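> Below are the structure tokens for one structure; questions will follow.
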Amino acid sequence: MAEEDKQLLQRFVDSLYRDARRVSRLDAVIRSEALDLPMELQGIVELLPPGTYARQALCDQLNSALKGHGWTSAYGTVD
């Protein structure tokens, strides 16, 4: 997997919080589709429980899902 692939999810998170302090699950799902993330990563985003998230809480949720699927070596983690 290319290094650029490991940055996809980080760029996604950065784009979500560029102009917002909190984002909803729906906003995250729509943005993941709009950015045409790979299906695996869209699936990770879709695992978010309903609600709104400060950046760290969203990153914790995404990192937990990535770890649970064994994809941290492929996609890295986010902060």
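> Given a cut-off of under 8 Å on Cα pairs at least six residues apart, what relative contact order in percent is computed for the chain?
Values: 78 pairs, mean separation 32.3, N = 79.
Relative contact order of the chain: 41 percent.
> Suppose only helical runs count, i.e. DSSP H with n ≥ 4. What mean residue ellipticity at 222 nm does that imply for the chain under -39500 (n - 2.57) per run, divided by all residues and rounded to the nearest 500 deg cm²/dmol?
Mean residue ellipticity, 222 nm, calculated: -19000 deg cm²/dmol.
> Any idea what the alpha-carbon Rg over 2.2 N^0.38 Å comes to for the chain?
Expressed relative to 2.2 N^0.38 Å, the Cα Rg reads 0.98.
> Using the Kyte-Doolittle scale, find the helices of the chain whose mean hydropathy is at least -1.0 and whose Cα atoms extend 15 Å or more along the helix's long axis, counting only whole DSSP H runs.
The qualifying helices are 3-16, 55-69.
> In vacuum, with every alpha carbon of segment 6-49 counted as one equal point scatterer, what does the Debye formula give for log10 I(q)/I(0) at q = 0.16, 0.32 Å⁻¹? Two decimals, please.
Results for segment 6-49 at q = 0.16, 0.32 Å⁻¹ read -0.35, -1.33.
> Still on this structure, I have one more. When all protein chains stay in place, what accessible area (Å², nearest 10, 1.4 Å probe) is found for Asp19?
Counting only protein heavy atoms, the figure is 150 Å².
> So, one more: Would you please give the residues with an amide H less than 5 Å from that of Arg22, counting only those at least 5 places away or on a separate chain, with H modeled from the backbone geometry?
Here the answer is none, since no amide H 5 or more places off falls under 5 Å of that of Arg22.
> Given the whole protein assembly as supplied and a 1.4 Å probe, what does the accessible area of Thr77 come to in Å², nearest 10?
Approximately 80 Å² of Thr77 is accessible to the 1.4 Å probe.
The values are calculated or read from the model by the stated rules, or taken from the named source; none is laboratory data. Note that this is a predicted model, so its numbers are computed, not measured. Surface accessibility is based on the protein's heavy atoms, side chains included, excluding ligands, DNA and RNA. Shrake-Rupley method; radii C 1.70, N 1.55, O 1.52, S 1.80 Å.
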